[in-house]
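Data first, discussion second: the structure below is written as structure tokens.
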Amino acid sequence: VVDKITREDGLKSDYIYVVYEDSRGWIWILTRYGGIHYLDENGQLRLVDLPNKYDQTSFISILELKNGQILVGSMNQGVFRFDQGKLIENKILPLTPGEDVIYDIHEDESGDLWFGTHGGIILWTSGGFKAIKKSNGIKSQSVYSITQDPVNGIWISNNFGVQYFSDSELAYFKESTSQDFFLASTFYDQRLGMPNSETNGLIYPSAIRDFSGKI
């Protein structure tokens with residue numbers, strides 16, 4: 001151990017959910033009890049200023065967007081957008097209180113946002129939300145990770161295995177106006193050789209793509 005950061009150093013909580021480096025070299029640290037912090041380029045720990053109503057919020061996922069803004073997902077308070085360390089937007093996803101847990105955030109090539117939640121996959125596109133539930137083809141309502149395939153498509157993980165959706169199938173979903181749209185997918189679980197079908201990770205991120213492109 002060469003260093004440590006705790007509540008004594010300024011963290012809102014010693015229960016850490018996320019450690020994430022952005023393109024500026026800032027290290028974001030997300031915790032319980034309203035804790036969104038970052039270590040700036042000088043190594044100074046800074047606490048992001050949030051309204052008092054978020055004092056008990058747990059922040060559990062993060063993504064730097066192509067425009068350099070930061071999105072942070074929470075438990076029960078939606079998604080938060082930051083620019084230069086300042087809160088500029090809080091958006092509530094169309095989920096029930098028990099489902100409103102944002103495990104992962106993905107930005108696709110067109111700039112649309114996909115949220116892996118406890119209530120399925122929520123897509124933000126063209127100024128509105130669309131939902132992918134079990135009835136639309138995902139194996140589990142809880143989606144813990146959304147990872148871009150280096151060739152064509154995305155992989156998601158849940159408590160029943162790993163599921164692949166092609167980019168073309170996702171494009172059809174974006175264009176569809178049917179509530180009954182069903183996405184074709186490829187599914188992997190214990191029956192196909194995985195030692196365990198549960199891929200919830202219990203950490204953030206639950207899945208990563210390494211430098212060779214393997215997931």
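The values are calculated or read from the model by the stated rules, or taken from the named source; none is laboratory data. Computed from a predicted structure; not experimentally measured. Please note: Cβ atoms are built from the backbone with ideal geometry, for glycine as well, and neighbour counts cover all protein chains shown. Heavy atoms of the whole protein, side chains included, go into the accessibility calculation; ligands, DNA and RNA do not. Shrake-Rupley method; radii C 1.70, N 1.55, O 1.52, S 1.80 Å.
Note: segment 37-164, Cα convex hull, 134 Å³ per residue.
L39 sits among other residues whose Cβ lies under 10 Å from its own Cβ, and their net charge, with Lys and Arg +1 and Asp and Glu -1, is -2. Solvent exposure of segment 121-202 amounts to 52 Å² per residue of accessible area, where only protein heavy atoms count and the probe is 1.4 Å.
Legend: residue pairs K12/K133; K91/K133; K133/K174; K86/K133; K139/K174; K91/K130, Cα-Cα distance threshold 23 Å; pairs beyond threshold, K12/K133; K86/K133. The value of relative contact order for segment 85-215, using C-alpha pairs under 8 Å at least six residues apart, is 18 percent. Taking Cα centroids, how far is segment 28-53 from segment 115-184 in Å? For segment 28-53 versus segment 115-184, the Cα centre distance is 31 Å. Summing Lys and Arg as +1 and Asp and Glu as -1 over all other residues whose Cβ lies under 14 Å from the Cβ of T117 gives a net charge of +1. The local environment of L192, defined by Cβ-Cβ distances under 15 Å, has a net charge of 0 under the rule Lys, Arg +1 and Asp, Glu -1. Helix-only arithmetic for the chain: the sum of -39500 (n - 2.57) across DSSP H runs with n ≥ 4, divided by the residue total, places the mean residue ellipticity at 222 nm at -1000 deg cm²/dmol. Sequence-distant contacts, meaning Cα pairs under 8 Å at least 6 residues apart, place the relative contact order of segment 1-108 at 17 percent. Of the trypsin sites (Lys or Arg not before Pro) found in segment 1-84, those in coil by DSSP whose Cβ has at most 15 other Cβ atoms within 10 Å are K4, R24, K66. Extending 7 Å from the Cα toward the beta-carbon at both S212 and S176 defines two label points whose distance is 3.6 nm.
What relative contact order, as a whole-number percentage, does segment 139-207 give when Cα pairs under 8 Å and 6 or more residues apart are counted? Before the final figure, lay out each step's value.
On the way: 110 pairs, mean separation 23.1, N = 69.
After rounding, I find 33 percent.
Tell me the per residue accessible area of segment 1-83 using a 1.4 Å probe; a whole number in Å² is fine.
On the way: 4470 Å² over 83 residues.
I get 54 Å² per residue for this part.
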